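Reading through the structure tokens given below for one structure.
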Amino acid sequence: CLGLSRQFHKRPRSRIAQGQSQAAVRQALRWADAAGRPLLANGRVPPWSPDFVAALLRDGGRRSDWAAVPQWPAPLRPKGSKQQAASSPPTCPSSLCDEAAQAVLRSDWSGDALVAAADFRAVECPLHVSAAGVTLLEGPWTAQLRAGDQALHAVGPWESVCWFTDRDVAYLELTLPLSDGASLDRQLLLARGDRFLLLVDHLRHPVPTRLELAWSVPLAPSVKWRGEAETRDALLGVDRPLARLLPLAQPEWRIDPRVGELSQADGALRVAQHAVGSVLAAPLFIDLAPSRVNKPCTWRQLTVAESLRIVAPDEAVGYRVQCGRDQWIYYRSQAACGNRTVLGQNTSNECLIARFLPKTGGIEELLEIES
């Protein structure tokens, strides 16, 4: 209809319809991988043709959308339009749609962008993660949960409780009600400039007990897993390493058998944690910077203090990550917020994710969620 109206120099659509078509085209660009396939389609959908992309942009897109497409791989770029250099790309490459229960977190509009997309209509919550034009993870993000001797299951749908995006990060937080009065909180943070992805599950139970949490996501078919022999981190890649996985709540060295394990089984990565308490966190830090992947890395569980008292992990958790020369801290309050100290930083907020500056002992905030 849009093409016909353009051919006959007619404008039968209303302003509302025009706005809807432009929004649909913008979302189509956001939700395409480097090959022009829709995200979360598991390769079942063929890539778009350049002619189809050109028709979308010509008849339903905005001028700024043209500037996003030339950054895609050459086979997908529509040719022959002077509008391609009309303006800079759209400012926000990430998007949450609560009505569709879907979110896409992107570092930029290029074919080499870091991308994390989640569909939380179903409890399984399909996830897509890609970097440098290569899909690394694709499939249901499932969790096996236990409290004591009882298995926990969902009793309602996922709900988005926090969404934030700026030039530094794109962040999504979800919550899922569980049986026995428990709940599962899920965090996704994509650091655009720092080039890492943080995936965290928090299992909450109304009374302290033995908690067990194991979540998994399938690896893409072409992706190879290489676990380290002496430490718990692992590499993902195809013909070269593209990502390093760090299970922050687990001891770095395998000689320490406590807490849990990061592993690969049946073509999926798996993060398993267990502890006694009312809250259990299972974070996974994914370094997606090619310049850092092969450099030394380390991580530590940090002591969190409040009023000269060391708080328990089901009150608050803190972690330090170092990849190459870059360092970050992650803090999360698991109970009522308080004025707490972690790695020399004082905070009363619910969550803090920041770049750590070892020379000064200070931080540069990437994300801060107030209590």
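The values are calculated or read from the model by the stated rules, or taken from the named source; none is laboratory data. If you're wondering where the values come from, they're calculated on a predicted model, not measured in any experiment. Backbone-built Cβ (ideal geometry, glycine too); neighbour counts: all protein chains shown. Only protein heavy atoms, including side chains, enter the accessible area calculation; ligands, DNA and RNA are left aside. Shrake-Rupley method; radii C 1.70, N 1.55, O 1.52, S 1.80 Å.
Assorted remarks:
- Mean shadow area of region 303-371 over all directions, Cα convex hull, nm²: 4.4
- Longest segment of the chain lacking trypsin sites (Lys or Arg not before Pro) that sit in a DSSP loop with at most 11 other Cβ atoms within 10 Å: 168-257
- Separation of alpha-carbon centers, region 286-339 and region 148-218, rounded to whole Å: 17
- Rounded percent of accessible protein surface that carbon and sulfur make up, the chain, 1.4 Å probe: 52
- Stokes-Einstein D (µm²/s) once Rh is taken as the Kirkwood radius of region 245-366 over alpha-carbon pairs, at 4 °C in 1.567 mPa s: 84
- Tilt relative to the chain, helix 15-30 - C-alpha long axis, 0 to 90 degrees, to 10: 60
- Expressed as a fraction of 2.2 N^0.38 Å, the value expected for a compact globular protein of N residues, the C-alpha radius of gyration of region 124-184 is 1.43.
- For region 1-66 and region 102-122, distance of Cα centres in Å: 18
- The order of the peptides 281-290, 260-269 by mean Cβ neighbours within 10 Å, most packed first, is 281-290, 260-269.
- 1.4 Å probe accessible area per residue over the chain, in Å²: 46
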